[in-house]
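A.B. asks: Let me give you the structure first, and then I'll get to my questions.
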Amino acid sequence: MPTNRQHRSLGRLALIALTLVGASAVTAGIAQAQTPRVTPSGMDVPRYVSLKYGQVNARVGPDEEHRLLWIYQAKGLPVQVVAETREWRRICDPEGGVAWVHKRTTDGRRTAMRVQASPLPLRAQPKAGARVTAYLAGRATANLDKCEKGWCRLKAGGESGWAPESEIWGASPRVQCKE
């Protein structure tokens, strides 16, 4: 409370106003608690990263002692971090697999994947009728530059273009795998 005496002249209205401000602060605290949880890395979960190496061990749990599930053999594969510890990331992959990988095996660079087998036309502008500049092969990955209004700009093999967000894996903000 300020030390000047003018606050006393406000009386009951000031008390009501302060009560409302206090209630707003509590409500804001509750709303803030519902935002993405604090993680050891300080980054939001879920979020996308890519695999840094051509071989990455996927484990049942967050430790070298946990059973090996499989080995990813796709450098640059987009994965979604759905949970984390200080050293490990629980990831979801484009085929729905969920596993733990060490944080050193992931890269913050965003990539996206054309999951379907058919090629995806990349367009000069983010609209359906725009000129096709290149094609992203089926089951291929590309660097994800940015997404806006349902379209994502992809770069691969020296070419770039826009693709509908719904046609690639690695852009949707929703959790992609059911655990």
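Here, each number is a calculation from the coordinates, and none is a lab measurement. Keep in mind that what you see is a predicted model, and the values were worked out from it rather than measured. No Cβ is skipped: glycine too gets one built from the backbone with ideal geometry, and neighbour counts run over all protein chains shown.
A.B. asks: What is the dipole size for the range 30-168, taken about its Cα centre, with +1 at each Lys and Arg Cβ and -1 at each Asp and Glu Cβ, in debye to the nearest 20? Walk me through the numbers on the way to the answer.
C.D. replies: Values: 22 positive and 14 negative charges, 74 e Å.
It works out to roughly 360 debye.
A.B. asks: If you put +1 on each Lys and Arg Cβ and -1 on each Asp and Glu Cβ, how big is the dipole of the range 99-179 around its Cα centre, in Debye rounded to 20? Don't skip to the end; give the middle numbers.
C.D. replies: Working: 15 positive and 7 negative charges, 23 e Å.
Here the range 99-179 has a charge dipole of around 100 debye.
A.B. asks: Right, another one. At a Cα cut-off below 13 Å, give the aspartates and glutamates reachable from K149, other chains included and same-chain residues fewer than 8 away excluded.
C.D. replies: Leaving aside aspartates and glutamates fewer than 8 places away in the same chain, those within reach of K149 are E165.
A.B. asks: Taking 30 Å as R0, compute the FRET efficiency from the Cβ-Cβ separation of E95 and R67 and round it to 0.05. Write down the numbers at each step before the final one.
C.D. replies: On the way: r = 19 Å, r/R0 = 0.64.
The value I calculate is 0.95.
A.B. asks: Setting aside same-chain residues fewer than 8 positions from K103, which lysines have a Cα under 19 Å from its Cα?
C.D. replies: Within reach: K52, K75.
A.B. asks: Please list 52-64, 161-173 highest first by mean number of surrounding beta-carbon atoms within 10 Å per residue.
C.D. replies: On the way: 52-64: 15.4, 161-173: 19.5.
Ranking the peptides 52-64, 161-173 by packing returns 161-173, 52-64.
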